[in-house]
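The structure appears right after this line, and notes come after that.
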Amino acid sequence: MTAKIIDGKEISQAIRKKIEQEVKMLLAENIVPGLAVILVGDNQASKTYVANKQKACKDLGMHSVLIQLADSVSQSDLIDKINELNNDESIHGILVQLPLPKHVNEKDIIEAISPEKDVDGFHPINIGRMMTGQDAFLPCTPYGVVEMLKYIGIDLEGKHAVVVGRSNIVGKPAGQLLLNENATVTYCHSKTDDLALHTKQADILVAAVGKRNTITAGHVKQGAVVIDVGMNRNDEGKLCGDVDYDQVKAIASYITPVPGGVGPMTITMLIKNTVKAAGRRRQIALEALN
Ligand code: NDP
């Protein structure tokens, strides 16, 4: 078997076309969905991610603001900035690019963002809403993973999904969203004994580890759907995932490449969340009029 490739760019484009229609409807009512991104320090990878996010906004006619702060910024100054944006009517979504410098407490920063503008979906209120099946801003990467699976027509109900990785921003929410879709979910992590024993049972295998070649042919069941969230560099400095792509594509039914798989979906989901935030605000304003 040679796996079908799940083309994240193509799926992203299709989703962005729909988002574009929603943006046009909001623009017709003089509402310009606005995203503010706070970038602290000089991390080159973060700069690239932020530039891509801004470009995606601009391409869709949205408002996008970049606030660049020095590495030495104090936690209280950063929180003041977030509060300013929380109160700025032209901003519907706020994103603080991670990682942050060591002297800043990431948890406090995430909690300073208004849950109604938390388009990254990292605020505990949104996480709680997600866990209890309520309407929430969903964390962009796991949200993108589930949307990809739905797009290619995978019925998640009753499937065994194994998620390798349990970070708060990728692994844990990916498992929760798959559970919300009625999959049976197993989490694996660095302390898991015999990783392959678990991953070989997966109908859907999600790798979110951050170490290349964590998942090889011996970890995958024939016909499994393999989603590679990892972003690593190989010996030649080229971007690669957590999955040994060449080995695993001979076994899986579907596989995401790196690059061109989950990555483009993450930005698309961020834009989707921002437009949703703008739409919600419009709804609240309309309800206040009635
Ligand atoms: P973290 O480092 O926060 O989490 C990694 C997880 O992998 C941890 O839960 C860890 O377990 C687990 N782990 C580490 N080694 C092993 C192992 N040998 N076997 C099984 N599990 C292991 O990373 P993130 O969740 O933030 O990111 C994961 C990857 O996804 C990274 O490569 C990152 O760059 C990428 N990423 C990609 C995005 C995209 O848009 N495509 C967006 C965000 C992230 P433990 O908890 O026990 O330490």
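Modelled this way, with points 7 Å down the Cα-to-C-beta line, the labels at A285 and S114 are 1.2 nm from one another.
Of the DSSP beta bridges with both residues in the range 110-249, give the percent that are antiparallel, rounding to the nearest 5.
Here the share of antiparallel DSSP bridges comes out near 10 percent.
Taking all protein chains into account, the per residue accessible area for the chain stands at 48 Å² (1.4 Å probe).
Each Cα pair under 8 Å and six or more residues apart adds its separation to the average, and for the chain the resulting relative contact order is 22 percent. Put a dot 7 Å past the Cα of Q21, heading toward its Cβ, do the same for K191, and the two dots end up 4.8 nm apart.
Per residue, the convex hull spanned by the Cα atoms of the range 88-132 amounts to 78 cubic angstrom. Plainly put, the chain has a radius of gyration that is 0.98 times its Kirkwood radius, both from alpha-carbon atoms, as the Rg/Rh ratio. Note on the chain: with neighbouring protein chains present and a 1.4 Å probe, carbon and sulfur make up 51 percent of its accessible heavy-atom surface. Between the amide H of I251 and those of A3, distances stay under 5 Å, these residues lying 5 or more places away or on another chain, with hydrogens modeled in the peptide plane.
Across bins of 5 angstrom width beginning at 0, how are the C-alpha pair distances of the range 44-164 distributed, in whole percent? Values per bin, smallest distances first: 2, 9, 16, 20, 21, 14, 9, 5, 3, 1. Say a paramagnetic label sat at a point 7 Å from the Cα of E29, along Cα to Cβ; which residues of the range 268-290 have their backbone N under 16 Å from it? Flagged as within label range: 274-290. Only helical runs count toward this figure. For the chain, summing -39,500 (n - 2.57) over DSSP H runs of n ≥ 4 and dividing by all residues gives -13500 deg cm²/dmol at 222 nm. One decimal place: the segment Q134-K107 gains 7.5 nm when fully extended, by the rule 0.36 nm per residue minus the C-alpha distance.
For Y49, neighbours were defined as the other residues whose beta-carbon sits under 13 Å from its Cβ, and their charges (Lys and Arg +1, Asp and Glu -1) total +2.
Net length available on complete extension from I67 to D80 is 3.4 nm, with 0.36 nm assigned per residue and the Cα-Cα distance removed. Each Cα pair of the range 100-233 feeds into the Kirkwood radius, which the Stokes-Einstein equation turns, at 20 °C and 1.002 mPa s, into a diffusion coefficient of 137 µm²/s.
The values are calculated or read from the model by the stated rules, or taken from the named source; none is laboratory data. Owing to the predicted nature of the structure, the values given are computational and were not obtained by experimental measurement. Neighbour counts are summed over all protein chains in view; Cβ atoms, including those assigned to glycine, are modelled from backbone coordinates with ideal geometry. For accessibility, only protein heavy atoms count, side chains too; no ligands or nucleic acids. Shrake-Rupley method; radii C 1.70, N 1.55, O 1.52, S 1.80 Å.
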